[in-house]
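A short worksheet on the structure shown next.
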Amino acid sequence: MTPFHLKIVTPDGLLFDGEAEKLIVRTTNGDVAILARHINYVAALGMGRAVVESSGNRRTAACIGGMLSVVDGEVTLVPTTFEWADKIDAERAEQSLQRANRVLHDQNASDTDLRLAEARLHRALVRKNVASFK
């Protein structure tokens, strides 16, 4: 496959800056795959699994929120949160999932607490799923 330049930048810093053959990421409208010579494109990111194929290697990550842009062959992923599968603490993700479930089952929880718990639950499920790709 023909490579393209990919940059992955989070609020914590630069996570990837190099050549890739494929990027698969979840946008707010569904999954999208980026290959070399993709048309110019901008999309908001959702919560899901990201896959980067580079030099014959395939790395998986949890990618949550942010933006994706393709401009003149340069691909930039700017997620709010991005964790490679081998860096995810599966036990911590499980604990977060349990805490979110407790709030969701609390009959006295406010609407705000429920919305936050739903987001935490979804994030924990994504992280747990991606951690299985270590």
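Rg over Rh for the chain works out to 1.04, using Cα positions for both radii and the Kirkwood form for Rh.
Keeping all protein chains in place, calculate the accessible area per residue for the chain (probe 1.4 angstrom), answer in Å². Each step should come with its number before you reach the end.
Details: 7730 Å² over 134 residues.
Per residue, the chain has an accessible area of 58 Å².
Restricting attention to the chain, close to 90% of DSSP beta bridges with both partner residues there are antiparallel. A straight Cα-to-Cα reach below 18 Å connects residue 22 with the lysines 7, residues fewer than 8 places away in its own chain not being considered.
Working from Cα positions, state the angle (0 to 90°, nearest 10) between the long axis of helix 90-104 and the longest principal axis of the chain. Value to nearest ten degrees: 50. Between amide H atoms placed 1.01 Å from N, distances below 5 Å from residue 47 occur with 65, all of them 5 or more places distant or on a separate chain.
The alpha-carbon of residue 128 sits under 19 angstrom from the alpha-carbons of these aspartates and glutamates, leaving out residues fewer than 8 places away in its chain: 31, 83, 86, 89, 91, 94, 118. In sequence order, region 119-124 has phi-based couplings of 5, 5, 4, 4, 4, 5 Hz under the Karplus curve 6.51 cos²θ - 1.76 cosθ + 1.60, θ = phi - 60°, and Gly or Pro positions carry x.
Taking every alpha-carbon pair under 8 Å whose residues sit at least 6 apart, the chain reaches a relative contact order of 21 percent. Would you mind telling me the share, in percent, of accessible area of the chain contributed by carbon and sulfur at probe 1.4 angstrom? The computed percentage sits at 48.
The values are calculated or read from the model by the stated rules, or taken from the named source; none is laboratory data. None of these values were measured; they are calculated from a predicted model. Ligands, DNA and RNA are excluded from the accessible area calculation, which covers all protein heavy atoms including side chains. Shrake-Rupley method; radii C 1.70, N 1.55, O 1.52, S 1.80 Å.
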